[in-house]
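Working notes for the structure below.
What follows draws every value from the coordinates through simple rules; no lab data is involved. Nothing here was measured: the structure is a model prediction, and the numbers come from that model. Cβ sites come from the backbone with ideal geometry, for glycine too, and all protein chains shown count toward neighbours.
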Amino acid sequence: MPKFASVDEYVAAQPAEVQELLATVRRIVAHEVPGATESIRYDMPVFGVGDSYLVHVAAWKRHLGLYPVPVFDGALEADVAPLRAAKDTVRLVYAVPFPDDLFRRILRELLARR
C-alpha cells in the first residue's frame, strides 16, 4: 500500500471517478465542519476538529469507507444501517449515487458527539 504525504496526493492517486467523489466529500466536510483539518492517518485521509479526529475516508476498489462511524440512534441509524460493513464502518458503494444528505447528517452527528 502506498504512503501519502497529503490528502491532495491521496486524491491524485485515485481513478478520476473516485477523485470526484473525494472532492465531494471534501466540499461537504468544509461546509458542515468549518475549520476542519485534513491530514493523512493510517494511510488515508482524516478530517478533524481541533486536536480530535472526526472521520477517516478510504478509497477502495468498489466503495468509499468511512471510519469510525458509531451506531447512532433513531432515524439516522435506520438510514446508515444498510451501509454498514461492520460496527464502526460505513461503505458508500461507487455504483450507487453518493448520499450527500446522509453524509451531511453523519458529519453533524459526529460533530455533536465530540
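Select from the stretch 30-69 those trypsin sites (Lys or Arg not before Pro) which occupy a DSSP coil region and have at most 11 other Cβ atoms within 10 Å, ordered by residue number. List each step's numbers first, then the result.
Details: sites: ARG41, LYS61, ARG62; in loops: LYS61, ARG62.
Taking the stretch 30-69 and a limit of 11 other Cβ atoms within 10 Å, the loop trypsin sites (Lys or Arg not before Pro) found are LYS61, ARG62.
If you average the C-alpha positions of the stretch 76-110 and of the stretch 37-65 separately, how far apart do those two centres end up, in angstrom?
15
Which of PHE47, PHE103, PHE72 moves most in a GNM of the chain, Cα contacts under 10 Å?
Maximum among the listed residues: PHE72.
Residue by residue through the stretch 33-44, which ³J(HN,Hα) values in whole Hz follow from phi under the Karplus form 6.51 cos²θ - 1.76 cosθ + 1.60 (θ = phi - 60°), with glycine and proline marked x?
10, x, x, 4, 9, 10, 7, 10, 9, 6, 6, 9
Name the residue from ALA13, PHE47, VAL80 whose Cα lies farthest towards the positive end of the charge dipole of the chain, charges +1 on Cβ of Lys and Arg and -1 on Cβ of Asp and Glu.
So the residue furthest toward the plus end is VAL80.
I want to verify a result. In a Gaussian network model of the chain, Cα cutoff 10 Å, which of these has the top mean-square fluctuation: ALA12, ALA23, ALA95?
It is ALA95.
Counting only other residues whose beta carbon sits under 11 Å from that of PRO45, what net charge do I get with K and R as +1, D and E as -1?
Values: positive: ARG26, ARG41; negative: ASP8, GLU9, GLU38, ASP43.
Net charge in that neighbourhood comes out at -2.
Once you charge only the Cβ atoms, +1 for Lys and Arg and -1 for Asp and Glu, what is the size of the charge dipole of the stretch 32-103 about its Cα centre, to the nearest 20 debye? Show your work: numbers first, answer last.
Working: 6 positive and 10 negative charges, 90 e Å.
The dipole of the stretch 32-103 has a size of about 440 debye.
Once you compute Rg and the Kirkwood Rh from C-alpha atoms, what is the Rg to Rh ratio for the chain?
Numbers: Rg = 13.3 Å, Rh = 14.3 Å.
Rg divided by Rh gives 0.93.
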